[in-house]
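Notes follow the structure.
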Amino acid sequence: MTADERDDGSAVVWSNVVMATDRLPHNPLVERTPAEERLHRKQRLAAAFRIFGRLGFDEGVAGHITARDPEEVDTFWVNPFGMSFKQIRVRDLIRVNHSGEVVEGTWPVNQAAFAIHSQVHAARPDVVAAAHSHSIYGKAFASLHRHLRPLTQDSCIFFEDHGLYDGYGGVANDVEEGKRIAAAVGDTKAAVLVNHGLITVGHTVDEATFWFVTMERTCQAELLAMSAGEPKPIDAGTAREVYQQVGSPIAGWFSAQPMFDWILAEQPDLLED
Ligand SMILES: [Zn+2]
């Protein structure tokens, strides 16, 4: 049976996504000059921090989202260490090289951000962005030392597509810890970092941001279900089929668009360059 013959409407839904993507202004397939691409990534990154701040994913000075620079690809853009996610503008972002030096911007970099993200970006040349924070449900779930289960349609996004880093070794200030975290992510979209929190990656900032938001909520749903009783998972075959529809990079990018539109309408000052 081909996708077109399926009676669940999935092929129709998927073609609608592609058509809608064509009509959206930040389509990742749009060709941009390197300078345009750099500005675009910085704008999406600043917006991602505002989304994280708005959703309460900030805590103290913890957490970082990074975007690889399109020209100097072994450098990445990241948040200034100690600045609230809720106040970050495009002009505040800093660029860090593979040695951990700030090569653009005046603020320092969080050593843990460098240690983790430099290794993830090095291990995954296909990804543009990575997101990590100490969000409450993510860190609570991470204390269970196990993978997410396919309990809901949305959790199928992570079915057979996330890692588990079960060797928590203290605050990730050295690149060896970053290497182990990158190995746990492997070629997947995310990892549960035990006793710590969540990390997601994406081929766009938008995608990595949506994976993080939905992974946090998936942790919340699983914890809630466990507190209420004995949750029954979706069978593996169905979970794999759902994954094909909701777990791809373009689906992640597309799912992020309403959130980015909303934050840009609500907090347009984030674009100040
Ligand atoms: Zn952390």
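Output the number of residues of the range 128-167 satisfying the condition of being touching a helix residue (DSSP H, G or I) at 6+ places or on another chain (Cβ under 9 Å), over 16 Å from Gly178 (Cα atoms) and more than 16 Å from the ligand (Cβ to nearest atom).
18
Can you list residue pairs whose Cβ atoms sit under 8 Å apart, with the first residue in the range 131-160 being among the charged types (D, E, K, R) and the second being open to solvent by 50 Å² or more (accessible area, probe 1.4 Å) and within 16 Å of the ligand (Cβ to nearest atom)? Count only pairs 6 or more apart in sequence or on different chains.
Lys139/Asn195
Determine which member of the set His203, His145, His134, His162 is in contact with a strand residue (DSSP E or B) (Cβ under 7 Å, 6 or more places away or on another chain), open to solvent by 30 Å² or more (accessible area, probe 1.4 Å) and modelled with pLDDT of 95 or more. It would help to see each step written out before you state the result.
Numbers: His203 fails: in contact with a strand residue (DSSP E or B) (Cβ under 7 Å, 6 or more places away or on another chain); His145 fails: in contact with a strand residue (DSSP E or B) (Cβ under 7 Å, 6 or more places away or on another chain); His162 fails: open to solvent by 30 Å² or more (accessible area, probe 1.4 Å).
Answer to the selection: His134.
Among the residues in the range 227-239, are any modelled with pLDDT of 95 or more, β-branched (Val, Ile, Thr) and open to solvent by 50 Å² or more (accessible area, probe 1.4 Å)? It would help to see each step written out before you state the result.
Start the filter on the range 227-239 by keeping residues that are modelled with pLDDT of 95 or more, which leaves 227-239.
This time we only want the ones that are β-branched (Val, Ile, Thr), so: 234, 238.
This time we only want the ones that are open to solvent by 50 Å² or more (accessible area, probe 1.4 Å), so: 238.
The answer is yes, given that some residue of the range 227-239 is modelled with pLDDT of 95 or more, β-branched (Val, Ile, Thr) and open to solvent by 50 Å² or more (accessible area, probe 1.4 Å).
Here's a check for you: in the range 19-77, which residue that is out of contact with any His (no Cβ under 7 Å at 6 or more places or on another chain), of a type in the set (A, V, I, L, M) and under 18 Å from Asn110 (Cα atoms) is farthest from the ligand (Cβ to nearest atom)?
Ala46
Of the numbered conditions (1) away from the ligand (no atom under 16 Å from the Cβ); (2) in contact (Cβ under 8 Å) with a residue 12 or more places away in the chain; (3) farther than 30 Å from Arg38 by Cα; (4) assigned to a loop (DSSP other than H, G, I, E, B), Glu230 satisfies every one except a single condition; which is it?
(2) is the only condition that Glu230 fails.
Answer yes or no: is there a residue in the range 40-59 that is open to solvent by 10 Å² or more (accessible area, probe 1.4 Å), more than 18 Å from the chain's Cα centre (by Cα), closer than 25 Å to Leu198 by Cα and not hydroxyl-bearing (Ser, Thr, Tyr).
No: zero hits.
Tell me, please, whether a residue that is within 14 Å of the ligand (Cβ to nearest atom), touching a His at 6+ places or on another chain (Cβ under 8 Å) and at pLDDT 95 or above can be found in the range 94-113.
no
Of the residues that make up the range 238-256, is at least one closer than 18 Å to Val127 by Cβ, out of contact with any Asp or Glu (no Cβ under 7 Å at 6 or more places or on another chain) and within 16 Å of the ligand (Cβ to nearest atom)?
Within the range 238-256, the subset closer than 18 Å to Val127 by Cβ is 247-256.
Then drop every residue that is not out of contact with any Asp or Glu (no Cβ under 7 Å at 6 or more places or on another chain), which leaves 248, 250-251, 254-255.
Retained after the next criterion (residues that are within 16 Å of the ligand (Cβ to nearest atom)): none.
Checked the range 238-256: no residue is closer than 18 Å to Val127 by Cβ, out of contact with any Asp or Glu (no Cβ under 7 Å at 6 or more places or on another chain) and within 16 Å of the ligand (Cβ to nearest atom).
Under 9 Å between Cβ atoms, at least 6 apart or on separate chains: pull out the pairs that start in the range 192-207 with a residue that is over 17 Å from Ala123 (Cβ atoms) and touching a residue at least 60 places away in the same chain (Cβ under 8 Å) and end on any residue that is within 13 Å of the ligand (Cβ to nearest atom) and aromatic (Phe, Trp, Tyr).
Listed by first residue and then by second, the contacts come to His196/Tyr165; His196/Tyr168; Leu198/Phe212.
Any idea which of Asp22, Asp7 is exposed (fewer than 12 other Cβ atoms within 10 Å of the Cβ), more than 18 Å from Leu198 (Cβ to Cβ) and modelled with pLDDT of 70 or more? First the steps, then the outcome.
Working: Asp7 fails: modelled with pLDDT of 70 or more.
Exactly one of Asp22, Asp7 is exposed (fewer than 12 other Cβ atoms within 10 Å of the Cβ), more than 18 Å from Leu198 (Cβ to Cβ) and modelled with pLDDT of 70 or more, namely Asp22.
Provide a single number: the residues in the range 190-215 that are assigned to a helix (DSSP H, G or I) and within 14 Å of the ligand (Cβ to nearest atom). Walk me through how you get there before you give the answer.
The initial filter retains those residues of the range 190-215 that are assigned to a helix (DSSP H, G or I), namely 205-215.
Restricting the remaining residues to those that are within 14 Å of the ligand (Cβ to nearest atom) gives 212.
Qualifying residue count for the region: 1.
The values are calculated or read from the model by the stated rules, or taken from the named source; none is laboratory data. Just so you know, these numbers come straight off a predicted model, no measurement behind them. Neighbour counts are summed over all protein chains in view; Cβ atoms, including those assigned to glycine, are modelled from backbone coordinates with ideal geometry. Calculation scope for accessible area: heavy atoms of the full protein, side chains included, ligands and nucleic acids excluded. Shrake-Rupley method; radii C 1.70, N 1.55, O 1.52, S 1.80 Å.
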